[in-house]
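J.: Got a structure here, written out as structure tokens. Questions coming.
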Amino acid sequence: MTIVQFNEMRTLPNSEISEAIIQTEKELFNLQFKKATRQPFKPHEIKSAKRRLAQLKTLLTMRLDALEKKRSNTVTQLLKKQNYMTGNF
């Protein structure tokens, strides 16, 4: 397993980020299950999986917030333009 840097994550499309989130959550669950059942595992993998999950969720949230802001700005501009055209100030 290779460690993906945050800058490399930023180039992924939203669909791949969502898939990576699901995959990382499954990986984290399996690692925690191994820990609970005292099976052999590498403890540092839990920390790196949690960090990767947080980075992916942060990136997806940032993109969705930017999209929401862009969409609301477009609606606001459209309403202003429409009110200007109709003469309702």
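Bear in mind that the values in this text are calculations on the coordinates, not laboratory data. Given the structure is predicted, the values throughout are model-derived calculations rather than measurements. With ideal geometry, Cβ positions are generated from the backbone for all residues, glycine too; neighbour counts draw on all protein chains shown.
J.: Determine the gain in length on full extension of the stretch Glu25-Ala66; use 0.36 nm per residue of separation and subtract their C-alpha separation, reporting nm with one decimal.
T.: On the way: separation 41, 0.36 × 41 = 14.76 nm, distance 2.45 nm.
Fully extending the segment from Glu25 to Ala66 adds 12.3 nm.
J.: Hey, could you get me the Stokes-Einstein D for the range 18-86, Kirkwood radius over alpha-carbon pairs, 20 °C and 1.002 mPa s, rounded to whole µm² s⁻¹?
T.: 143
J.: Between Ser15 and Val75, what FRET efficiency comes out of the Förster formula 1/(1 + (r/R0)^6) with R0 = 30 Å and r the beta carbon distance, rounded to 0.05?
T.: Efficiency, rounded to the nearest 0.05: 0.75.
J.: Treating the angle as unsigned and between 0 and 90°, give the value, to the nearest 10°, between the Cα long axis of helix 44-86 and the longest Cα principal axis of the chain.
T.: Computed tilt is about 10 degrees.
J.: Helix-derived [θ] at 222 nm for the chain: sum -39500 (n - 2.57) over DSSP H runs of at least 4, divide by residue count, nearest 500?
T.: After summing the helix terms and dividing by residue count, I get -27500 deg cm²/dmol.
J.: About the Cα centre, and with charges only on the beta carbon of Lys, Arg (+1) and Asp, Glu (-1), how big is the dipole of the chain? Nearest 20 debye, please.
T.: 260
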